[in-house]
1. Taking the Cβ of ALA40 as the center, what net charge do the other residues with Cβ under 15 Å away carry, scoring Lys and Arg +1 and Asp and Glu -1?
2. Return the distance in nm (one decimal) between the two label points of a simple spin-label model at GLN31 and ASN73, each offset 7 Å from Cα along Cα→Cβ.
3. Could you sort VAL37, VAL28 by their accessible area in this structure, using a 1.4 Å probe and putting the largest first?
4. Kindly sort TYR38, TYR91, TYR30 by accessible area of their heavy atoms, largest first, with the probe set to 1.4 Å.
5. Within segment 34-68, list the trypsin sites (Lys or Arg not before Pro) lying in a DSSP loop whose Cβ has at most 12 other Cβ atoms in a 10 Å radius.
6. Need one word for segment 1-99: rounded, prolate or oblate. Basis is the Cα gyration tensor (sqrt eigenvalues a ≥ b ≥ c); a/c below 1.5 gives rounded, then a/b vs b/c decides.
7. Hey, what did segment 1-81 get for relative contact order, percent, Cα under 8 Å, at least 6 apart?
8. With label points built 7 Å along Cα→Cβ from the Cα atoms of GLU54 and SER104, find their separation and express it in nm.
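The values are calculated or read from the model by the stated rules, or taken from the named source; none is laboratory data. Quick caveat: nothing in here was measured; it's all calculated off a predicted structure. Here Cβ is always computed from backbone atoms with ideal geometry, including for glycine, and neighbour counts include all displayed protein chains. The area values use the complete protein model at the heavy-atom level, side chains included, leaving out ligands, DNA and RNA. Shrake-Rupley method; radii C 1.70, N 1.55, O 1.52, S 1.80 Å.
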Amino acid sequence: MKIITQDEKGEVIFNIPKGSNRIAFKKVGYQAILPTVYYAELGKEKTITITLKEVTTAILSGKVIQKSFEGVNNAKIIIRKNKKETVFEGYTNSKGEFGPLELSVKPTGYSESGLKMEI
């Protein structure tokens, strides 16, 4: 498959070969659209509008480990916004794991203060 053109609005024209094809749509900061079935007649142009949904949450999980790669039990996890406001405070389990935690995110182009993890 070959992309023929892509303009500033994100419009793309594909030259799709005859047969069954799978197309997936992805963009950073947006939820991916997995391959979907669309039908087109050979030799005829078909327009399909695909709308990607902005991602508004992210999942954070992790593991606190020692130099020996063993998990650290009961390690305190603090996630702060703007170095002041505590967003999450908790402890790791017996394997050193924490999460999953759901965090809000902002789309590309907007500012969001970083999250700092203290252990």
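1. On the way: positive: LYS18, ARG22, LYS44, LYS46; negative: GLU41, GLU45.
So the surrounding residues net to +2.
2. So the two model labels end up 4.0 nm from each other.
3. Details: VAL37 105, VAL28 125 Å².
From most exposed to least exposed: VAL28, VAL37.
4. On the way: TYR38 100, TYR91 125, TYR30 70 Å².
From most accessible down to least: TYR91, TYR38, TYR30.
5. When the trypsin sites (Lys or Arg not before Pro) of segment 34-68 are filtered for loop state and at most 12 Cβ neighbours within 10 Å, LYS44, LYS46, LYS53, LYS67 remain.
6. Details: a/c = 4.28, a/b = 2.67, b/c = 1.60.
Prolate.
7. Details: 59 pairs, mean separation 12.7, N = 81.
Relative contact order, segment 1-81: 16 percent.
8. 1.2 nm
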